[in-house]
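Readers should treat all values here as calculations from the given coordinates under stated rules, not as data from a laboratory. None of these values were measured; they are calculated from a predicted model. Note that we place each Cβ from the backbone using ideal geometry, even for glycine, and neighbour counts take in every protein chain shown.
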Amino acid sequence: MIWYTLHRILALIPVLLVVAVVVFCLVHLTPGDPALVILGDNASPGDVLALHQQLGLDKPLPEQFWRWFAQVLRGNLGHSLFLGDSVASLFAQHLKPTLALAVLAQSIAMALGIGGGILAAYRRGRWADRIIMALATFGLSIPGFLLGLFLIFFFAVHLRWFPVVGYKSDGIGLWQNLYYLFLPALALAIRIAALLARMTRTVMLEVLSEHYIKTARAKGLSEWSVLWRHGFKNALIPVLNICGESFGSLVTGAIVIESVFGIPGIGLLIVDSIERRDLTVIQGSVLLITVSYVLINLIVDLTFGFIDPRINVSRS
Amino acid sequence: MNKAPFAAALLLGLLLPLAGGAAGAAAQTDRDAVLNIAYGNRPGTLDPYLTTNNATSDVDRNIFEELFVINDKFQPVPELVESYRVSPDNLTYTFNLRKGLVFHNGQSLTADDVVASMNRWLAVSTQGKANLPGARFDKLDAYTVSLTLKTPSLITLNILADVKNIAAIMPKSIIDRAQGDKQPVTELIGTGPYRLAEFKQGEYLHLTRFDGYIPRQEPASGLSGKKNAYVKDIYFRYITDESTRLAGALTGEYDLVFNLPKDNIDQLIHAPGIHLYAPASGGSLITYLFNKQTGPFADIKLRRAFNLALDVNSVLVAGYSDPQFFSADSSLGFPQQVDWYSEAGKPFYNQHKLDEARALVKESGYHGQEVVIIATKEYAELYNLAIVAQQVLKQIGINSRLDVYDWPTVLQRRQDPKNFDLCALEFSMRQVLHQYPFLDSRAHFPGWSNSPDIDGVLDQIKQAPSLKAARPLVDKLHVLTWQYLPVIVLGHTQPDIIAVKNTVQGYDDLIGPILWNVRVNKQ
């Protein structure tokens, strides 16, 4: 297990190297000069040149890459060209709202999706099954930003149940934080809940037709026990796989929802940085996101071994 | 859209705060009030010398003070200066500073702080470099400084009072640190009515009342006069999505909402609990900018042909959809800028003479070269103007191509004269015409104007004994601009309408929000 974990962590190095090279090249080959964005419309060519020298943008591209990458190897992702802060501290600052949003969205999605999927499988072919599957199809097909705007205008503007923005950090306490985050988390959760409901239903149907389920029922066990202890536990692995993947995408892909609900997360940081051509922030953030994504996948893989001892991850 | 109810509601909105303000506002004013502002753009840097960005100046004007500021007639009047005199040759200004003022860190304001701040501002800010080249500040005694110019300039005090590139006075120690690091100022310490409490990148910026503030005693006018910090805390909350800002205005979550979507203004007119405020200043000049260095539009005849062909009203409607958002006007100055507004260019404006335009194209050296119109979809109005330009060019027999990029790419590509021939561009309202970079060839602004006549008249205005005496020169500048066509002026945008909660009284605006003297009533 330890060897497997080490092996997976070592395998990160080539991934990061490739990502570093690709991101650096993409960012630097994209037109758009940060110096012009910083200095504004009235800047003279002399001002632009001076700022290029100050930022090291006048050096050849390979030299710029090596300077940046040497710093990255020492654990320094550089400083934002615009904000002065270090990329690591900016990332950490913006990670908190994104993580809070992702955890809440994942919890809502799991509750709705797994619960709905089990119910649909249990009530196969009946009204409950049809309604849940119709909702799942709707949830998969509606774009996130549209759902977000709908939620704002219905629950925040019309009913006044929730605030229009999705995050507040100025010392409001956990419950207030959850209250602010609920609508954006719901907007994000719907798609994952839909995916989870369909997957859970399919796997549960398969499991419920197995002989050991019939045996369990024949033994006179309660339906609750049959469903959860014997049914769901054996259907958990593919469901968990989707949970892991979706959590990774929640952390990295909440850009639109963060923008709609004004949440200062990683998505907004990257969009802002691209708009401003803040090269170091784009490079550093994409690298850190890659690491997070790979680590989340690793944790999910390792969890399989704990849930089902038949799966020996160290040999897989 | 029916405009009558809109106009009536807007008028009512403008009058409501005045009526409410008079009716016992003092008795109800909440001294512990928090003012929540929904604001669309995040500031990159808060160093006022380095940027002309509204997101920076709208915040910084509450923290910092300048030697001079402009009043509601756009005239420069003293702020940190008690009195001043100008030498007979107009080359030396002597400023006596107000005594007993303190910075937010408790340190007293002296001539050393002013000299350090202003010399950095002269060296670093685009306004200082462009309009006061070679100027220098010196200390005469603890509360007296002098400004020495290379050449006399009528607009010196206007430039010192610049609204965008604020000539903020900071403690000398902070300036020295910034100079040493060659970095922007990160610690924001001024003498203004509010101090920076916290800046949470991407989320909010928190200002809080500075209890040691000593206001001037003249009545408030524009950015000048007495400032009272009635509200205790001000939060600029950065909400990038305009639909979310609109929703926040409708629910009353924010006291002031900026950058509202134009298409939804009607929705706010009848919304309960808020009124709309239409600022009297702060729009932009709407222009078509030519590349005059190379390509087809280097030929003045072709620029004139394009101008002859334009039906300005339909161009503006295509760009801005409704006349409530623009005014068709040939002047470089805005109507309220009495010293700079001129109708001298009117005969050249909005001619819509297609046959004459076609004849002029034939007469020019145009042989079917493709005109490149550079555009971005990030600014929908400007993109629409670019599309219209393409149609107009087609009507007069000029081939064109639309090159569409994101905004930073447009900024970069237009640095090279080979990359574009025409673009639609807005220039924020400026105090003096010299601040528009497309006029003076010495600014080397993309478009590359090269008119010794325009350069000359700009200098003559600076050297005139007074703005009143310079009046004929301002008219002459307009005529020369319309003859040479560094840009085609299409009109002025109306400043963005602001949603104000009814509990907020006394909100005013001058090329940006004025947040001192704003009261929030107890609910």
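Observations, loosely collected:
- Working note: Debye formula, equal point scatterers on the alpha-carbon atoms of the range A:157-316, no solvent; log10 I(q)/I(0) at q = 0.11 Å⁻¹ is -0.67.
- Rg/Rg_ref, chain B, where Rg_ref = 2.2 N^0.38 Å and atoms are Cα: 1.00
- The distance from the alpha carbon centre of the range B:484-511 to that of the range A:236-304 is 39 Å, rounded to a whole number.
- Under 12 Å, Cβ to Cβ, from A:G262 - net charge with Lys/Arg +1 and Asp/Glu -1: -1
- Cα Rg, Dmax, the protein assembly as shown, angstrom units: 30.7, 110
- Using the rule -39500 (n - 2.57) for each DSSP H run of four or more residues, divided by the residues of chain B, the 222 nm mean residue ellipticity is -9000 deg cm²/dmol.
- P(r) of the range B:75-213 over all Cα-Cα pairs, binned every 10 Å from zero, in whole percent: 11, 40, 36, 11, 2, 0
- Cα-centre dipole for the range B:184-224 with unit charges at Cβ (Lys and Arg positive, Asp and Glu negative), debye to 20: 60
- Dipole magnitude (debye, nearest 20) for the range A:156-227, charges at Cβ of Lys, Arg, Asp, Glu: 140
- Convex hull of Cα atoms in the range A:1-74, direction-averaged projection (nm²): 6.4
- Net length gained if the chain between A:F69 and A:L205 were fully extended (0.36 nm per residue, minus Cα distance): 43.9 nm
- Here the calculated FRET efficiency for B:Q415 and A:L17, from their Cβ-Cβ distance with R0 = 30 Å, stands at 0.30, rounded to the nearest 0.05.
- Peptide B:195-206, shielding by other chains (average Cβ, 10 Å cutoff): 4
- Comparing A:P143, A:P31, A:P238 in a Gaussian network model of chain A, where Cα atoms under 10 Å apart are tied by springs, the biggest mean-square fluctuation is seen for A:P31.
- When the charge dipole of the protein assembly as shown is built from unit charges on Cβ atoms (+1 for Lys and Arg, -1 for Asp and Glu) and taken about the Cα centre, the candidate among B:T92, B:G44, B:G202 whose Cα reaches farthest toward its positive end is B:G202.
- Computed packing ranks the peptides A:200-206, B:264-270 as A:200-206, B:264-270, most packed first, by mean other Cβ atoms within 10 Å.
- Principal-axis tilt of helix B:54-63 within chain B, Cα atoms, nearest 10 degrees: 20
- Helical runs (DSSP H, four residues minimum) scored at -39500 (n - 2.57) apiece and divided by the length of chain A put the mean residue ellipticity at 222 nm at -24000 deg cm²/dmol.
- Cα centroid of the range A:161-183 to Cα centroid of the range A:124-141, whole Å: 30
- Difference of contour (0.36 nm per residue) and Cα-Cα distance, B:R401 to B:Q369: 10.5 nm
- Leading residue at positive end of dipole, the protein assembly as shown (Cβ point charges), from A:L10, A:V23, A:L205: A:L205
- Cα centroids of the range B:416-459 and the range B:134-151: 30 Å apart.
- Top positive-direction residue, dipole computed over chain A with Cβ charges, set A:G117, A:L186, A:S44: A:G117
- Seen from B:G248, the other residues with C-beta closer than 11 Å to its C-beta sum to a net charge of -1, counting Lys and Arg as +1 and Asp and Glu as -1.
- When only Cα pairs below 8 angstrom with a gap of at least 6 residues are kept, chain B shows a relative contact order of 21 percent.
- Look at the stretch A:26-33: the mean tally of other chain Cβ atoms within 10 Å of its residues' Cβ atoms is 3.
- Proximal charge balance of B:N307 [Cβ under 11 Å; K/R count +1, D/E count -1]: +3
- Using a cutoff of 8 angstrom between alpha carbon atoms and counting only pairs six or more residues apart, the relative contact order for chain A works out to 27 percent.
- Dipole check for the range A:1-74: with +1 at the C-beta of Lys and Arg, -1 at the C-beta of Asp and Glu, and the Cα centre as origin, the magnitude is about 500 Debye.
- Reach of A:K233 by Cα under 28 Å, taken over lysines that are not fewer than 8 positions away in the same chain: A:K214, A:K219
- Max mean-square fluctuation residue, GNM over chain A, Cα-Cα springs under 10 Å, options A:A189, A:A134, A:A100: A:A134
- Efficiency of FRET between A:N297 and B:A318 - r from beta-carbon atoms, R0 51 angstrom, step 0.05: 0.50
- Within straight-line cross-link reach of B:K292, lysines at Cα separation under 17 Å, skipping those fewer than 8 residues along the same chain: B:K301, B:K418
- Compared with the alpha-carbon gap, the fully stretched path from A:E245 to A:Q176 is longer by 22.0 nm at 0.36 nm per residue.
- Taking a span of 20 Å or more along the helix axis (Cα atoms) and a mean Kyte-Doolittle hydropathy of at least -0.5 as the rule, the DSSP H helices of chain A that qualify are A:12-29, A:87-122, A:127-141, A:174-208, A:233-253, A:279-307.
- Helix B:242-251 and the longest principal axis of the Cα set of chain B meet at an angle near 40°.
- Against the main long axis of the alpha-carbon atoms of chain B, helix B:111-124 sits at an angle near 20°.
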